[in-house]
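The values are calculated or read from the model by the stated rules, or taken from the named source; none is laboratory data. In this text the structure is predicted, and so the values were computed from the model without any measurement. Backbone-built Cβ (ideal geometry, glycine too); neighbour counts: all protein chains shown. For the accessible areas, the whole protein counts, side chains as well, though only heavy atoms, and no ligand, DNA or RNA atoms are used. Shrake-Rupley method; radii C 1.70, N 1.55, O 1.52, S 1.80 Å.
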Amino acid sequence: MSIVVAVPGNVQQPVSLLLPDTAINDVLSLPVDTSGGVATVVGIIIVNRDSAAQKVTVWWNDGSDHAIFEREVPANDTVTVALDAPIVLYTKVSARKIRAQAAKAGVVTITVIHALASQRAQA
């Protein structure tokens, strides 16, 4: 069974980050947009270029971190996560982020696929 979810907006260029250390890093950081910006994250690609499996955790953040992915990514492998329930990030009130962490520095790249739209009040 498959589910098709319509995502409003325009698909943006992917945002990628080679995680530089073992801290939690911002991969996609959306500033406050008082005009009512909306970003919809539809997928995440995780590439482990190390010769050993690496534990990777990805969060969405609205001031607090909310885990959306956590597992060991096999050595020299790519994991593509098409989100069954896309994450809608409303930026009207506060900044929103996708953040990630890997067990080893400099070997895991996170790529976020998202669409941008705006939500304006109808006159």
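Among the residues of segment 4-54, the one identified as surrounded by fewer than 12 Cβ atoms within 10 Å (Cβ to Cβ) and closer than 17 Å to ILE68 by Cβ is VAL5. When only residues in segment 68-107 that are modelled with pLDDT of 95 or more and small (Gly, Ala, Ser) count, which is farthest from ILE24 (Cα to Cα)? Here the answer is ALA75. Residues of segment 63-73 that are closer than 26 Å to SER51 by Cβ, of a type outside the set (Phe, Trp, Tyr) and either open to solvent by less than 60 Å² (accessible area, probe 1.4 Å) or touching a residue at least 60 places away in the same chain (Cβ under 8 Å) (or both): VAL73 alone. When segment 8-60 is filtered for residues that are outside any loop (DSSP other than H, G, I, E, B) and among the polar types (S, T, N, Q), the ones remaining, listed by number, are ASN10, SER16, ASN25, SER29, THR40, ASN48, GLN54, THR57. Of the residues examined, SER51 is not one that is of a type in the set (S, T, N, Q) and within 21 Å of SER118 (Cα to Cα).
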